[in-house]
Amino acid sequence: MGSEKVTGILLAGGQGRRMGGVDKGLQLLRGKPMAQHVIERFAPQVDELLINANQNIEQYQGLGYRVIPDAIGGFVGPLAGLHRGLSEAAHPLVVTAPCDSPFLPLDLVAKLHTALEQQNAELAVARTGDQPHPVFCLCRKSVLPSLTAFLESGGRKIDWWYAQLKVANVDFVDEAAFRNINTREELAANSTYTKISN
């Protein structure tokens, strides 16, 4: 993937409203916290992994990685997690994945990185068909001032922010790889889901 190293940020900073206000990343899927499933697929793709969480810090620390809460209070969304991750990352590239998508592609980072370099972009985002998946993105640390200004102006929607940047859209075929689990019903349904491909 070239010489630039990548920091991964596992986004686990939400409140899990659609799952009844529980911490989604710690909900068990096939006997393991959902965040653990994500880590097993995500961590081998990056040079450093940080967990962005705002509650149950000790439980997330138990997964074996440094935990970084949002610097901006009030559970304002994934951009706050990316903001803190960009501030803390040891490497020049930062990639995010949410804690509720346990089937993410094993080639996620490689494909995002290739597109970022080939298109000389500031941010690369995954998509399937016409559907972007903005919480699966790879960006350069140099976007931090832009993100800080966006958040300070009250902006919260991730796609509104990256519309200001030079973006590479990266096509993936398997929509199921980006499936996220938001409700207890989806958690139960996915407990029997078997992933066939990468």
Next item on the list: For residue 138, state whether it is surrounded by fewer than 17 Cβ atoms within 10 Å (Cβ to Cβ), of a type outside the set (D, E, K, R) and modelled with pLDDT of 90 or more.
Entry: no
Next item on the list: Specify which of the listed residues (79, 104, 93) is under 19 Å from residue 144 (Cβ atoms), touching a helix residue (DSSP H, G or I) at 6+ places or on another chain (Cβ under 6 Å) and not aromatic (Phe, Trp, Tyr).
Entry: 79
Next item on the list: Identify, from the list 25, 64, 74, 14, the residue that is modelled with pLDDT under 95, part of a loop (DSSP other than H, G, I, E, B) and farther than 22 Å from residue 139 by Cα.
Entry: 74
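The values are calculated or read from the model by the stated rules, or taken from the named source; none is laboratory data. Keep in mind that this is a model prediction, so the values were computed, not measured. Neighbour counts run over all protein chains shown; Cβ positions are idealised from the backbone, glycine included.
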